[in-house]
Amino acid sequence: MTPTTQLARMVAFELEFARRQATRVLAVPGGFAVRHADFPVSHNNNRLLVTSAADPAELLDAADSVLSDVPHRMVTVYDDDLGAAFAGAAVAAGYEHIPLVAMAHAGDDPPAPAVPVEALDLATLIPSLRRDWRLALPTVPEDTIDQLARRVAVRLTGADEVRFLGVVGDSGHVLARTDLYLEDGIGQIENVMTSPEHRGQGYGRAVVREALRRARAAGCELIYLVADESDWPAQWYGRLGFSTVGRVHEFIREPAV
């Protein structure tokens, strides 16, 4: 499978995953927007997804229109050239430009994780998410934390199989976690996270390796993830057997403080 084919399959998977979670899908220039009535503060559940050429000014106007009732703006462009073309206007309008890399696993089957990794149910995962989000956002209202934690439940509708994997400590806290989405021979690894106080102990590596093992066992011929291009994750994933096959551009504008 060529990198071009891999990227096309990844993009189709991402678009369908977003659509299936949404309570509303709206047409916008170059793509569509997703909205979720229960989680208005969630950027990923309320954003524009762009795959074809659109006038930057029209796209910015569309973002203001379809996201008019929420404070944030988010546009994800699933094409490197289109993202680069949109960047100037978006940054001038106050958006942060976040270049991302789409990475496919090209390495050998991973060894078994060095520490136990288990499947997490929502009853275990949501309290951990509340804790992590509160630590990350100590001043935001409780309703915001509640939405950010509970939105994980709608991911179960995004693909045929959705699994949450984690390393759980003796206290019952989730020390590291990741999502694994499976459908039509594709596996996406997403939301890899290790609690700050438990980093550097191999837990993140363990959950990624277990996700890879489960995706291989499910018969996936394409296993991918999306990582920040300019930060350490892309290099870290490279050491785990992932290689870049394309780029995605994310644009976010947060409300003024």
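Could you tell me the distance between the Cα centroids of region 80-108 and region 155-188, to the nearest Å? Between the Cα centre of region 80-108 and that of region 155-188, the gap is 25 Å.
The angle between the Cα long axis of helix 203-217 and the longest principal axis of the Cα atoms of the chain comes to about 90 degrees, rounded to the nearest 10. Computed from backbone phi, the HN-Hα couplings of region 95-103 come to 7, 8, 9, 10, x, 10, 10, 8, 10 Hz, rounded to whole numbers (Karplus: 6.51 cos²θ - 1.76 cosθ + 1.60, θ = phi - 60°; Gly and Pro given as x). Amide H contacts under 5 Å for Gly202: none, restricted to partners 5 or more places along the chain or on a different chain, H placed in the peptide plane at 1.01 Å from N. A convex hull fitted to the Cα coordinates of region 118-243 yields 118 cubic angstrom per residue. With θ taken as phi - 60° and the Karplus curve 6.51 cos²θ - 1.76 cosθ + 1.60 applied, the whole-hertz 3J(HN,Hα) list for region 182-199 is 10, 5, 6, x, 10, x, 10, 9, 8, 6, 6, 8, 10, 4, x, 6, 10, 6 Hz, x standing for glycine and proline.
Considering only Ala63, Leu26, Asn45, the residue lying farthest towards the positive end of the dipole of region 21-68 is Asn45, judged by Cα position with unit charges set on Cβ. Fewest-first ordering of Arg214, Arg177 by other beta carbons within 10 Å of each residue's beta carbon gives Arg214, Arg177.
With K and R counted +1 and D and E -1, the other residues having a Cβ less than 12 Å from that of Leu175 yield a net charge of -1. Just so you know, the Cα atoms of region 3-102 work out to an Rg and Dmax of 13.0, 39 Å. Taking a ≥ b ≥ c as the square roots of the Cα gyration tensor eigenvalues, the chain comes out oblate, since a/c reaches at least 1.5 and a/b does not exceed b/c.
Near the amide H of Arg47, within less than 5 Å, lie the amide hydrogens of Val34, all on another chain or at least 5 residues away, with H placed in the peptide plane.
Assign one of three labels to region 189-235, namely rounded, prolate or oblate, based on the Cα gyration tensor with a ≥ b ≥ c the square roots of its eigenvalues; rounded applies when a/c is under 1.5, prolate when it is not and a/b is larger than b/c, and oblate otherwise. Because a/c hits 1.5 or more and a/b fails to exceed b/c, region 189-235 counts as oblate. Its DSSP H runs of at least 4 residues, each contributing -39,500 (n - 2.57), put the calculated 222 nm mean residue ellipticity of the chain at -11000 deg cm²/dmol, to the nearest 500.
Packing, taken as the mean count of other beta carbons within 10 Å per residue, orders the peptides 183-190, 118-125 from highest to lowest as 183-190, 118-125. Most simply put, region 1-144 has about 75% antiparallel DSSP beta bridges, counting only bridges with both residues inside it.
Summarising the amide proton neighbourhood of Leu175: residues at separation of 5 or more, or on other chains, whose placed amide H is nearer than 5 Å comprise Val167, Val168, Gly169.
Since every read-out is calculated from the coordinates, none of them should be taken as a lab result. Please read these numbers as outputs of a predicted model, since none were measured by experiment. Counting neighbours? That spans all protein chains shown, and the Cβs are built from the backbone with ideal geometry, glycine included.
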